[in-house]
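To start, the structure under review is shown below, and the notes come after it.
The values are calculated or read from the model by the stated rules, or taken from the named source; none is laboratory data. Everything numeric in this text was worked out from a predicted model, so none of it was measured. Here Cβ is always computed from backbone atoms with ideal geometry, including for glycine, and neighbour counts include all displayed protein chains. Just the protein is used for accessible areas: all its heavy atoms, side chains included, with ligands, DNA and RNA removed. Shrake-Rupley method; radii C 1.70, N 1.55, O 1.52, S 1.80 Å.
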Amino acid sequence: MNVDSDICTGQEKLDSLPGIFFEMSMTGQSYNIYNAVYAIAYTLHKMCTPKAKLRAIADKEGWKHSNLQPWQLHPVLRSISFNNSVGDTVSFDENGELAAGFDIINWVTFPNQTFLKVKVDRRASTLPKFNISEETITWHSHFNQVLPLAVCNDHCFPGYSRTMKEGQPFCCYDCVPCPDGKISNHKDVDDCFKCPDDQFPSQDRDQCLPKTLNYLSFKEPLGLALASLALSFSLITVLVLGIFIRNKNTPIVKANNRDLTYSLLISLLLCFLCSLLFLGQPQALTCYLRQTSFGVIFSVAVSCILAKTFMVILAFRATKPDSKMRKWMGKRLANSVVLSSFLIQVSLCSVWLGTAAPFPDFDMHTLAEEIIVECNEGSVMMFYVVLGYLGFLAIDSFTVAFLARKLPDSFNEVKFITFSMLVFCSVWLSFVPSYLSTKGKFMVAVEIFSILASSAGLLVGIFSPKCYIIVLKPGLNRKEQLIRRY
């Protein structure tokens with residue numbers, strides 16, 4: 001196409017252009033061009049400043065202002081920052097991108113082909129979200145100012161997740177309740193998620209609630225009952241010990257080896273008191289002492305019973321003429337049995353504490369709504385070794401006492417020992433399956449009850465007949481009576 005004259009005469013003015021096609025005010029495009037031109041101008045000005053450090057670099061590199069390449073402006077352009085004529089700051093971030101906001105414009109057109117721009121939001125580049133003011137939007141009449149609705153579903157509320165329907169549009173889905181252990185706290189989630197370990201899902205599965213601590217406290221009824229029971233048996237043991245000390249020169253006390261009797265009563269007293277270590281929130285010290293003190297104290301108590309059984313048997317056998325067992329009579333045998341049993345148990349506990357000592361631990365997974373605060377045994381094998389050695393002593397004591405149960409009545413404390421050891425062994429045989437089948441504070445309650453029941457069985461089985469004679473039947477507590485019965 002041939003043009004006879006120049007298209008532009010040079011006399012054109014913006015005012016003479018039709019307003020419906022040409023924007024006379026500042027637009028987004030013209031604003032960006034304005035800022036770009038000024039950014040280049042400021043860059044060139046900075047490079048041409050005689051005092052600038054970049055000027056020396058430009059002279060050294062042989063840059064000519066009339067011969068500059070675009071890439072040579074980049075280092076200086078990154079550091080440019082200025083305020084334009086409308087007061088906006090123009091600068092670049094560390095990535096070389098323009099730090100600017102975004103205007104969301106609603107274009108409103110009129111029948112006479114004029115239009116109006118309405119700004120419905122302005123968002124800075126540093127903000128992650130923007131909010132559109134729906135009241136300022138003018139919708140086209142075809143939209144009827146009503147938001148479009150989903151073809152199939154409206155919303156899946158918190159506590160549910162969306163599952164797509166096969167062969168249906170993407171907006172068609174089923175709302176499925178979150179499975180056990182998971183929640184959703186927003187609408188229209190595609191998958192539920194698990195709560196943190198220290199929290200659990202609410203009943204509606206729309207939020208996570210903090211778990212409570214689970215341990216056997218002194219304040220709750222079960223803990224208070226067990227603590228009261230332990231203190232009551234402790235007072236009874238002290239009372240029995242006082243009765244025996246007050247009547248230490250009577251025949252029935254002498255006949256049963258006073259030192260072993262005192263040792264047995266003191267160890268039973270400590271057995272009752274050591275059960276209190278299992279109450280309250282586990283701490284480092286209580287975990288360190290719980291099982292070890294229980295194992296050592298009980299080994300002393302059972303070894304005292306074993307020594308008493310040996311002493312009764314030797315006392316009867318040594319009465320026969322020319323008996324070689326006379327040399328074993330006395331305190332040496334009893335002390336040897338008790339001391340050796342004690343040292344073996346102490347050695348086992350020392351190995352346990354030296355290799356893998358118990359420590360406080362938190363079990364967050366066994367119970368859904370609670371955190372079990374427990375004492376981790378450290379080495380489960382050593383725990384059962386200590387418990388097994390105690391069982392070995394108990395079975396030995398029961399076996400020896402059972403075999404000697406038919407000795408004459410005057411020396412027959414063995415019958416009471418047999419009965420008390422039967423109770424002791426029965427309690428601890430039932431303890432193992434009960435202990436393994438319970439969790440949390442009820443597992444601790446089972447062990448405390450076993451300690452109290454077995455200790456009470458020894459106290460009542462061995463000492464109640466003697467206390468009955470000493471307190472209520474003092475006439476039977478005479479040497480002539482014992483010799484006559486024999």
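Annotations for the structure displayed:
- Qualifying residue in segment 65-72 (condition: at pLDDT 70 or above and hydrophobic (A, V, I, L, M, F, W, C)): yes
- For segment 341-363, a residue qualifies if it is open to solvent by 40 Å² or more (accessible area, probe 1.4 Å) and over 29 Å from Q199 (Cα atoms), and the qualifying residues are F342, L343, I344, V346, S347, L348, S350, V351, L353, G354, T355.
- Of the candidates F431, F392, F383, F402, the single residue that is assigned to a helix (DSSP H, G or I), touching a helix residue (DSSP H, G or I) at 6+ places or on another chain (Cβ under 9 Å) and open to solvent by 40 Å² or more (accessible area, probe 1.4 Å) is F402.
- Options L265, L270; residue that is open to solvent by 50 Å² or more (accessible area, probe 1.4 Å) and either of a type in the set (G, A, S) or touching a residue at least 12 places away in the same chain (Cβ under 8 Å) (or both): L270
- Across segment 82-126, the number of residues qualifying as open to solvent by less than 90 Å² (accessible area, probe 1.4 Å), among the β-branched types (V, I, T), farther than 12 Å from I137 by Cα and modelled with pLDDT under 75 comes to 1.
- In the set L239, L209, L235, only one residue is hydrophobic (A, V, I, L, M, F, W, C), under 21 Å from the mean Cα position of the chain (by Cα) and exposed (fewer than 14 other Cβ atoms within 10 Å of the Cβ); that residue is L209.
- Top-ranked residue of segment 248-262 - restricted to ones that are outside any helix (DSSP H, G or I) and more than 22 Å from A301 (Cα to Cα), ranked as least open to solvent (accessible area, probe 1.4 Å): T250
- Residues of segment 438-479 classified as of a type in the set (D, E, K, R), buried (at least 17 other Cβ atoms within 10 Å of the Cβ) and over 32 Å from the mean Cα position of the chain (by Cα), total: 1
- Segment 178-192 - residue that is more than 19 Å from the chain's Cα centre (by Cα) and surrounded by 14 or more Cβ atoms within 10 Å (Cβ to Cβ) and, of those, nearest to C156 (Cα to Cα): D188
- Scanning segment 365-380 for residues that are assigned to a loop (DSSP other than H, G, I, E, B) and not polar (S, T, N, Q) yields a total of 6.
- All conditions but one from (1) aliphatic (A, V, I, L, M); (2) at pLDDT 85 or above; (3) farther than 19 Å from L276 by Cβ apply to L458; the one that does not is (3).
- Number of residues in segment 127-163 that are modelled with pLDDT of 75 or more and open to solvent by 100 Å² or more (accessible area, probe 1.4 Å): the value is 1.
Residue-by-condition table, conditions (1) in contact with a Phe, Trp or Tyr (Cβ under 6 Å, 6 or more places away or on another chain); (2) more than 22 Å from F362 (Cβ to Cβ):
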residue	(1), (2)
N185	no, yes
K211	yes, no
S217	no, no
G223	no, no
